[in-house]
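Read-outs throughout are calculated quantities, based only on the coordinates presented, and are distinct from any laboratory measurement. Note that this is a predicted model, so its numbers are computed, not measured. In this analysis, Cβ positions are derived from the backbone assuming ideal geometry, glycine residues included, and neighbour counts consider all displayed protein chains.
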Amino acid sequence: MSVLAALGWILTGGQLLRAGIWAALAAGALTYTVSEYGFHRYLFHLKPPRHPRLHALLRRLHYQHHAEPDDLAFILLPVWYSLPLMAGVTGLVYGLTGDPSVTAAFFTGTSTYLLYYEWTHYAAHRPLIPWTPWGRRMKKLHLLHHYQNEHHWFGVTNTVYDRMLGTLPPPREAGKSPTVRNLES
């Protein structure tokens, strides 16, 4: 994915002074923040589906990550998941705008934010101390999501949607969930 983000910057770099390019970059990043929270809360935390293939898909995408939060095999999103989603959204943007430069900028914003998400998520699960107070706070909240209560703190890179949707309680008020490590129960 980093190669695709770099390619996006190469394609977008010469267009940065063109009207709408910065807005498309920001729209791509914003779209990723919405999908980060939305997919995490509403898809990855679904009750296990009865259909065996869907259940296996969610097990690979997230259930195993909760069962084994520090297992490197389950920390990063698989390319087979991220790439088709990004291609679909990028195709939609091209269909709406018809502008290859705006589309490339949108893709660049999305793919760059994906890299930020992956790094933030990786750092949350590894014995690393983030340099910034914001990074340390996001790590703390994400670990609370994994070790205290899976019904709260869905944002990995930001708290905007947790604040808006009421999933950012003080840790003392959240309680300990008996299913925090077993989303399949």
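Can you tell me which residue in segment 117-133 is farthest from Asp71 (Cα to Cα), limited to those that are surrounded by fewer than 19 Cβ atoms within 10 Å (Cβ to Cβ) and of a type in the set (Ser, Thr, Tyr)?
Selected residue: Thr132.
From the list Phe74, Phe154, Phe107, pick out the single residue that is more than 14 Å from Thr31 (Cα to Cα), in contact (Cβ under 8 Å) with a residue 60 or more places away in the chain and not aliphatic (A, V, I, L, M). If you could, list the steps in order and put the result at the bottom.
Values: Phe74 fails: in contact (Cβ under 8 Å) with a residue 60 or more places away in the chain; Phe107 fails: more than 14 Å from Thr31 (Cα to Cα).
Answer to the selection: Phe154.
Out of (1) under 26 Å from Thr110 (Cβ atoms); (2) buried (at least 17 other Cβ atoms within 10 Å of the Cβ); (3) of a type in the set (A, V, I, L, M, F, W, C), the odd one out for Ala174 is which?
Evaluating Ala174 over (1) under 26 Å from Thr110 (Cβ atoms); (2) buried (at least 17 other Cβ atoms within 10 Å of the Cβ); (3) of a type in the set (A, V, I, L, M, F, W, C) leaves (1) as the failure.
Residues are listed down the side, and each one gets a yes or a no for (1) closer than 20 Å to Glu36 by Cα; (2) touching a helix residue (DSSP H, G or I) at 6+ places or on another chain (Cβ under 9 Å):
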residue: Arg53; (1), (2): no, no
residue: Arg60; (1), (2): yes, yes
residue: His65; (1), (2): yes, yes
residue: Trp80; (1), (2): yes, no
residue: Gly88; (1), (2): yes, no
residue: Val93; (1), (2): yes, yes
residue: Thr97; (1), (2): no, yes
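To keep it simple, each residue is scored yes or no on (1) of a type outside the set (Val, Ile, Thr); (2) touching a residue at least 24 places away in the same chain (Cβ under 8 Å).
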residue: Val79; (1), (2): no, yes
residue: Thr90; (1), (2): no, no
residue: Leu114; (1), (2): yes, yes
residue: Met138; (1), (2): yes, no
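For segment 1-112, give me every one of the helices (runs of 4 or more DSSP H) that falls completely inside it and has 2 or more residues that are surrounded by 13 or more Cβ atoms within 10 Å (Cβ to Cβ) and among the hydroxyl-bearing types (Ser, Thr, Tyr).
Numbers: elements: 2-13, 21-38, 52-58, 64-67, 79-97.
In segment 1-112, 21-38, 79-97 are the helices (runs of 4 or more DSSP H) which contain 2 or more residues that are surrounded by 13 or more Cβ atoms within 10 Å (Cβ to Cβ) and among the hydroxyl-bearing types (Ser, Thr, Tyr).
For Ser101, all conditions in the list (1) in contact with a helix residue (DSSP H, G or I) (Cβ under 6 Å, 6 or more places away or on another chain); (2) hydroxyl-bearing (Ser, Thr, Tyr); (3) farther than 25 Å from Leu46 by Cα hold save one; what is the number of the exception?
So the condition that Ser101 fails would be (1).
Would you please name the residue that is nearest to Glu150 (Cα to Cα), looking only at residues in segment 4-62 that are polar (S, T, N, Q) and touching a Phe, Trp or Tyr at 6+ places or on another chain (Cβ under 8 Å)?
Restricting attention to segment 4-62, the residues satisfying the condition of being polar (S, T, N, Q) are 12, 15, 31, 33, 35.
Imposing the further condition that a residue be touching a Phe, Trp or Tyr at 6+ places or on another chain (Cβ under 8 Å) reduces the set to 31, 33.
Numbers: Thr31: 23, Thr33: 19 Å.
Ranking the qualifying residues of segment 4-62, first place goes to Thr33.
Would you check which residues across segment 149-171 are buried (at least 16 other Cβ atoms within 10 Å of the Cβ), in contact with a helix residue (DSSP H, G or I) (Cβ under 7 Å, 6 or more places away or on another chain) and not polar (S, T, N, Q) and list them?
If the condition is that a residue be buried (at least 16 other Cβ atoms within 10 Å of the Cβ), in contact with a helix residue (DSSP H, G or I) (Cβ under 7 Å, 6 or more places away or on another chain) and not polar (S, T, N, Q), then Glu150, His152, Trp153, Phe154, Gly155, Val156, Tyr161, Leu168 are the ones that fit.
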